[in-house]
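Below is one structure, written out as structure tokens; comments come after it.
The values are calculated or read from the model by the stated rules, or taken from the named source; none is laboratory data. Here the structure is a predicted model, which is why all the values come from computation and not from measurement. Cβ atoms come from the backbone with ideal geometry, glycine included; neighbour counts cover every protein chain shown. For the accessible areas, the whole protein counts, side chains as well, though only heavy atoms, and no ligand, DNA or RNA atoms are used. Shrake-Rupley method; radii C 1.70, N 1.55, O 1.52, S 1.80 Å.
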Amino acid sequence: AGATGLGVDPDVDPAGFDAALAERMTDTWVRVRAVQNDPRVQEILNDPEFQASLQSGNPLELLGNAQLLELANIIFADAGVDPAMTPAAGTGGAPAEPAEILRWVDDKGRVHYGDKPPEQ
């Protein structure tokens, strides 16, 4: 792996770094969408204490949150995902279309990523 963990050193190959980062972001987004309906994920996301950690504005509190770690383990597990939980369910087993990942900066200078443009 390179200096960034993406296998590419941004100081040596900026274009390669951008491509590797885009690939990693797309892979992560596909994994998130594949487990979004998993009951374990929904339980974590709907937990008031987890929501309080998300809204706290304290990254150290969030990074130390056991539920966030569990959520990351679900998203990044190498085990297969239940096909009934994927967005492609009901499409005859066809793979989900790759999501286009959009990047934007809000009026406070924060960078956001998503598959839909921000609401204006």
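Residues in the stretch 11-39 that are among the basic types (Lys, Arg) and either open to solvent by less than 70 Å² (accessible area, probe 1.4 Å) or over 25 Å from Lys116 (Cα atoms) (or both): Arg31 alone. For the stretch 91-120, the set of residues classified as in contact with a Leu (Cβ under 8 Å, 6 or more places away or on another chain), open to solvent by 80 Å² or more (accessible area, probe 1.4 Å) and either among the charged types (D, E, K, R) or at pLDDT 75 or above (or both) consists of Lys116, Pro117, listed by residue number. When the stretch 26-69 is filtered for residues that are over 12 Å from the mean Cα position of the chain (by Cα) and charged (D, E, K, R), the ones remaining, listed by number, are Asp38, Arg40, Glu43, Asp47, Glu49, Glu61.
Of all the numbered requirements in (1) closer than 25 Å to Glu23 by Cβ; (2) at pLDDT below 80; (3) not small (Gly, Ala, Ser), Phe76 misses one, and that requirement is (2). Considering the stretch 46-73, the residues that are open to solvent by less than 60 Å² (accessible area, probe 1.4 Å) and in contact with a Ser or Thr (Cβ under 8 Å, 6 or more places away or on another chain) include one that is modelled with the highest pLDDT, namely Gln67.
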